[in-house]
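Chemist: There's a structure below that I have some questions on.
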Amino acid sequence: MAGVLQGIRVLDFGRYIAGPYCATLLAEQGAEVIRIEKREGSEDRFQAPVADTGEGALFLQINRNKLGLTLDPMAAEGQEVVRRLVATADVVIANLPPQTLSAMKLDYDSLKAVKPDIILTTVTAYGRGGPYSDRVGFDGIGQVMSGAVYMTGTEDQPYRAQVPWVDFGTALHCAFGTMAALMARKATGKGQWVQGALLATAVTFGNALLIEQAVIQTNRVPTGNRGQTAAPVDIFRTRDGWILAQVIGQPLFKRWAKLMGEDHWLTDPRFKDDISRGDNGAVISERMGRWCAERTTADALEVLGAAKIPAGPVLKPQQTLDDPHIKAMGFFQETEFPGAPRAAPLAKVPVWLSETPGSIRHRAPRLGEHTDRILAELGYDRQAIAALREKGIV
């Protein structure tokens with residue numbers, strides 16, 4: 001059947017990840033999403049280029065299933081195009097500073113004046129109402145301010161994650177909020193303003209750490225890859241690589257002690273429960289490290305798997321692409337893009353609906369690829385479109 005959001009039109013004024021990927025999630029479920037960017041292309045189009053026209057890997061990932069329109073929304077003629085677009089839309093997504101939203105007439109009051117039941121979804125770095133609200137920021141700001149970066153690495157050298165989990169997490173939250181707003185509108189006929197913030201996502205993902213600090217004042221310090229509330233939880237070197245093992249809970253720890261052939265781990269009071277084992281994790285990691293060092297990665301994973309102990313290999317990106325389970329599961333959809341030397345493995349949205357599954361229907365748009373088509377649908381004839389192009393509006 002058609003996607004559950006078929007018939008819903010989304011205007012994506014987003015940049016980089018949080019806003020655009022929120023729109024991607026809606027597109028995956030059948031919404032028509034129009035990606036709107038400036039005439040020369042938004043900055044995020046060209047990050048980590050993989051095509052000879054400059055399009056980057058991230059752009060290909062989070063702009064599939066979208067139509068592409070170029071527009072100068074600050075010019076009077078451009079704002080008329082925006083007005084006509086909004087009149088046909090259900091959702092507007094924009095991760096832009098508040099002053100920019102107002103200047104582009106994408107603030108909630110301006111949108112409601114055109115379409116009373118519109119849903120506006122916005123993303124900011126810090127959220128609205130606090131002393132940092134007017135500041136701009138990227139994913140890394142949320143990472144470092146949440147406590148997560150301090151707890152990663154060592155006391156001498158904290159590390160941020162290369163993967164932008166704050167951005168993607170915010171996109172997930174905003175897509176959830178937008179879907180809830182669509183459900184509410186169906187019941188009440190009213191639109192609303194959905195707001196997300198990078199810092200809010202970051203502190204949410206790290207909330208347990210912050211709760212522990214607030215309630216019992218643990219004042220934890222970083223311990224590298226070694227876990228702090230259970231053990232062994234660490235990355236261990238094998239004869240030919242690295243693996244992660246995670247032993248959490250008494251049943252798993254009993255299986256681990258049996259695998260080591262050493263019952264004393266079960267009678268020593270230092271290791272009586274998860275938190276005690278975490279407090280004394282260095283001792284347990286040392287033992288597990290010696291066990292792993294005697295084996296290849298494949299051998300270690302086979303034995304750990306047979307013992308039902310969670311473990312996995314540390315893979316390089318190419319190894320991830322080549323992994324037999326990842327291939328068998330079909331996590332990626334090979335998608336051609338003009339000018340790219342080979343197909344891009346686009347990761348499908350990783351949730352499966354038995355009756356209404358989402359789908360990747362087409363690649364990300366070339367710059368302005370659907371401008372003429374969209375403008376024609378809004379009532380602009382060929383002459384009017386040519387005039388807009390001549391003036392640099394589209």
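Chemist: Within the set LYS186/LYS391; LYS66/LYS105; LYS105/LYS186, which residue pairs have Cα atoms separated by over 31 Å? Walk me through the intermediate numbers first.
Modeler: Details: LYS186/LYS391 40 Å; LYS66/LYS105 22 Å; LYS105/LYS186 25 Å.
Beyond 31 Å between Cα atoms: LYS186/LYS391.
Chemist: Test of understanding: in a Gaussian network model of the chain with alpha carbons linked when under 10 Å, which of ALA202, ALA23, ALA257 would top the mean-square fluctuation ranking?
Modeler: Maximum fluctuation in the GNM of the chain, among the listed residues, is at ALA257.
Chemist: Just in the range 294-365: which chymotrypsin sites (Phe, Trp or Tyr not before Pro) are loop by DSSP and have at most 13 other Cβ atoms within 10 Å?
Modeler: Numbers: sites: PHE331, PHE332, TRP352; in loops: PHE331, TRP352.
In loop regions of the range 294-365 (DSSP not H, G, I, E or B), the sparsely surrounded chymotrypsin sites (Phe, Trp or Tyr not before Pro) are TRP352.
Chemist: Does the range 129-257 classify as rounded, prolate or oblate by the C-alpha gyration tensor (a ≥ b ≥ c root eigenvalues; a/c under 1.5 gives rounded; else a/b over b/c gives prolate, otherwise oblate)? Intermediate results must be reported in sequence, preceding the final value.
Modeler: Numbers: a/c = 2.26, a/b = 1.78, b/c = 1.27.
Verdict is prolate for the range 129-257.
Chemist: Next up: Would you compute, from DSSP H runs of 4+ residues alone, the mean residue ellipticity of the chain at 222 nm, taking -39500 (n - 2.57) per run and dividing by the full residue count, rounded to the nearest 500? Walk me through the numbers before you get to the answer.
Modeler: Details: 18 runs with 164 residues, N = 394.
Result for the chain: -12000 deg cm²/dmol, rounded to the nearest 500.
Chemist: For the range 288-394, which trypsin sites (Lys or Arg not before Pro) are both in a DSSP coil and crowded by at most 14 other Cβ atoms within 10 Å?
Modeler: Counting only loop positions with at most 14 other Cβ atoms within 10 Å, the trypsin sites (Lys or Arg not before Pro) in the range 288-394 are LYS308, ARG342, ARG361, LYS391.
Chemist: Spin-label point model (7 Å from Cα, Cβ direction): what's the LEU259 to ALA180 distance in nm?
Modeler: With each label point 7 Å from Cα toward Cβ, the separation is 3.9 nm.
Chemist: Next question, about the same structure. Taking neighbour counts of Cβ atoms within 10 Å as a proxy for exposure, in what order, fewest first, do TYR16, TYR132 appear?
Modeler: The order, fewest Cβ neighbours first, is TYR132, TYR16.
Chemist: Rounded to the nearest 5, what % of the DSSP beta bridges within the chain are antiparallel ones? Each step should come with its number before you reach the end.
Modeler: Values: 14 of 35 bridges.
Roughly 40 percent of the beta bridges in the chain run antiparallel, per DSSP.
Chemist: Report the relative contact order of the chain, percent, no decimals, based on alpha-carbon pairs under 8 angstrom and at least 6 residues apart. Kindly include the intermediate steps, with their values, before the conclusion.
Modeler: Details: 712 pairs, mean separation 77.4, N = 394.
Once normalised by length, the contact order is 20 percent.
Chemist: Starting from the Cα of LYS327, draw a straight line to each of the lysines and keep only those under 20 Å, dropping any in the same chain fewer than 8 residues away.
Modeler: Within reach: LYS316, LYS348.
Chemist: Rg over Rh of the range 1-69, using C-alpha atoms and the Kirkwood radius, what does it come to? Don't jump to the answer; show the numbers that get you there.
Modeler: Numbers: Rg = 12.1 Å, Rh = 12.2 Å.
The Rg/Rh ratio comes out at 0.99.
Chemist: Anything in the chain that counts as a DSSP H helix reaching 27 Å or more along its axis (C-alpha) with Kyte-Doolittle mean of at least -0.5? List them, would you?
Modeler: On the way: long enough: 165-188 (34 Å, 0.65).
Within the chain the helices that satisfy the rule are 165-188.
Chemist: Here's a follow-up. State the Cα centre-to-centre distance between the range 171-236 and the range 331-394 in whole Å.
Modeler: Centre-to-centre (Cα) distance: 31 Å.
Chemist: Over the chain, with a Gaussian network built from C-alpha contacts below 10 Å, which listed residue (PRO324, PRO20, PRO365) shows the highest mean-square fluctuation?
Modeler: PRO324
Chemist: Turning to a different aspect of this structure: For a Förster distance of 56 Å, can you work out the FRET efficiency between the beta-carbons of ARG226 and ALA384, rounded to the nearest 0.05? It would help to have the intermediate numbers written out before the result.
Modeler: Working: r = 64 Å, r/R0 = 1.15.
Approximately 0.30, to the nearest 0.05.
Chemist: Here's a follow-up. Under a 10 Å cutoff between Cα atoms, tell me which one of VAL86, VAL33, VAL314 has the largest fluctuation in the Gaussian network model of the chain.
Modeler: VAL314
Chemist: Excluding residues fewer than 8 places away in the same chain, name every one of the lysines whose C-alpha is closer than 29 Å to that of LYS258.
Modeler: LYS272, LYS308
Chemist: Mind pulling up the Rg/Rh value for the chain? Radius of gyration and Kirkwood radius, both on Cα. Write out the running numbers ahead of the final one.
Modeler: Numbers: Rg = 25.0 Å, Rh = 23.9 Å.
Taking Rh as the inverse mean 1/r over Cα pairs, Rg/Rh reads 1.05.
Chemist: If you don't mind, there's one more thing I want to ask. What is the distance, in nm, between label points placed 7 Å from the Cα along the Cα-to-Cβ direction at ARG287 and at GLU302?
Modeler: Between ARG287 and GLU302, the simple spin-label model gives 2.5 nm.
No value in this document is a laboratory result; all are computed from the given coordinates. Computed from a predicted model, the values in this text were never measured in an experiment. All Cβ positions, glycine included, derive from the backbone under ideal geometry; neighbour counts span all protein chains shown.
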